[in-house]
1. Which of the peptides 167-179, 327-339 is most tightly packed, and how do the rest follow, going by the mean number of other Cβ atoms within 10 Å of each residue?
2. Which cross-chain or sequence-distant (5 or more) residues have an amide H under 5 Å from the amide H of G211, H modelled 1.01 Å from N in plane?
3. Given springs between every Cα pair under 10 Å in a Gaussian network model of the chain, which of V24, V124, V284 has the largest fluctuation?
4. Among M111, M278, M23, which comes first, then next, by fewest other beta-carbon atoms within 10 Å?
5. Summing -39500 (n - 2.57) over the DSSP H runs of n ≥ 4 in the chain and dividing by its residue number, what mean residue ellipticity at 222 nm do you reach, to the nearest 500 deg cm²/dmol?
6. So what is the relative contact order of the stretch 54-286, in percent, for Cα pairs below 8 Å that sit 6 or more residues apart?
7. In what sequence do I372, I77, I264, I319 fall when counting other Cβ within 10 Å, fewest first?
8. What is the fewest-to-most order of S26, S315 by other Cβ atoms lying within 10 Å of their Cβ?
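Laboratory data are not the source of any read-out in this text; all were calculated from the coordinates shown. Note that the structure is predicted; figures quoted are calculated from it, not measured. In this analysis, Cβ positions are derived from the backbone assuming ideal geometry, glycine residues included, and neighbour counts consider all displayed protein chains.
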Amino acid sequence: MDSLLLQNLEKRKQNNLYRTRVMVDSGCAEKISVNGQQVHNFCSNDYLGLADNKTIANAFKQGIETYGVGSGASHLISGHSKAHQELEEQLAEFTGRPKVLLFSSGYMANMGVIGALVGRSDLVLEDYLNHASLLDGGLLSRATFKRFKHRDTVDLQQKLTQSNASRKLVVTDGVFSMDGDLAPLKDLAAVAQQNNAWLMADDAHGFGVLGKTGAGLVEDQNLSIDEVPVLMGTLGKAFGTYGAFVAGSEALIETLVQFSRSYIYTTAPPPAVAVATMASLQLVKSEQWRRDKLNQSISRFRQGAQQIGLNIMDSNTPIQPILVGSDEKLLEINHRLIEQGFMVGAIRPPTVPEGTSRLRVTLCANHSEQQIDALLDALDQC
Ligand SMILES: *Cc1c(COP(=O)(O)O)cnc(C)c1O
């Protein structure tokens, strides 16, 4: 077995696609310690700077006092605690949807939702650049699986018209995770409605960040439950904790409780995580300054990047990719950035299409102006 595996690993190395893990020996903040070296952290999804927030950490401790650590069973046996229930109700109110269901992670939510909604005689249509978890969910559902061109409602319309599947599910990232651009949700919703299809939006990167109160893309673009009947969000990014949820009608949520395999056949997350997330929700709602500061950082970074002629992509979100193209060159630049004390994402295929390897800079509310300027200087030199 090993000799065969090693051959494949060697091939991946030769193609500059080999992944390695860095070991972080501090918590997630604007500066982290990596193998004993202090580096500026420009690669986390902790957009509001809540992952190491003291108020949330104290709520977590209190949750542990009340509930201990493990939930001990799945939600449908005895793992569904009062804390889970209360968080679901609060998230439903926040997103303006009748019901919410918590999942252990965003990956599991996406696998479980698509599989519960469509099957063999149905159609799933996904944006080309959707997150891997959505693609995997679509493939595992056994429905006919097709992709439409990135953000292209005309292509979507054509593919919907060609199909005579009984159920049709259109699936898209809200904010595209490796590009930072937004799905045209109003237009997608209109096309879906015209074709009697359902729309599912994954708001992993918009939830907490976009919208007047941080309720995400549906708040930002004022999208009703009829337009986006299936809304998914995650709690491990801007919310700074862990887990995910799906929001929608009572019938949708009850369907997921009955049929979503990644909901049913897994241990419920620790109740204390739900307690911590409720504290996080309070801060997301009340501390508007975090979104204001984040938006200032985005503008500052983009202006500076344009001035030094970096190949930044068309994004107004905290995800600010810089297109490099070659995998080899990307690794070289990334290595030099780390030497200078800056961690950014180095994103290669198959996460992104061949030839579009990029640095993925992510901005957070707790970055200082000096930190952003220092990153720009380092990027200029590298
Ligand atoms: C991160 C992410 C997920 C997965 O969420 P986890 O809670 O980390 O499993 C799903 N979809 C998108 C678009 C993401 O960026």
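1. Values: 167-179: 24.0, 327-339: 16.1.
Top to bottom by mean Cβ count within 10 Å: 167-179, 327-339.
2. Here G216, D220 satisfy the definition.
3. Most flexible of the set in this elastic network: V24.
4. If I rank by nearby Cβ atoms, fewest first, I get M23, M278, M111.
5. -13000 deg cm²/dmol
6. Working: 476 pairs, mean separation 70.4, N = 233.
Contact order relative to length: 30 percent.
7. I77, I264, I372, I319
8. S26, S315
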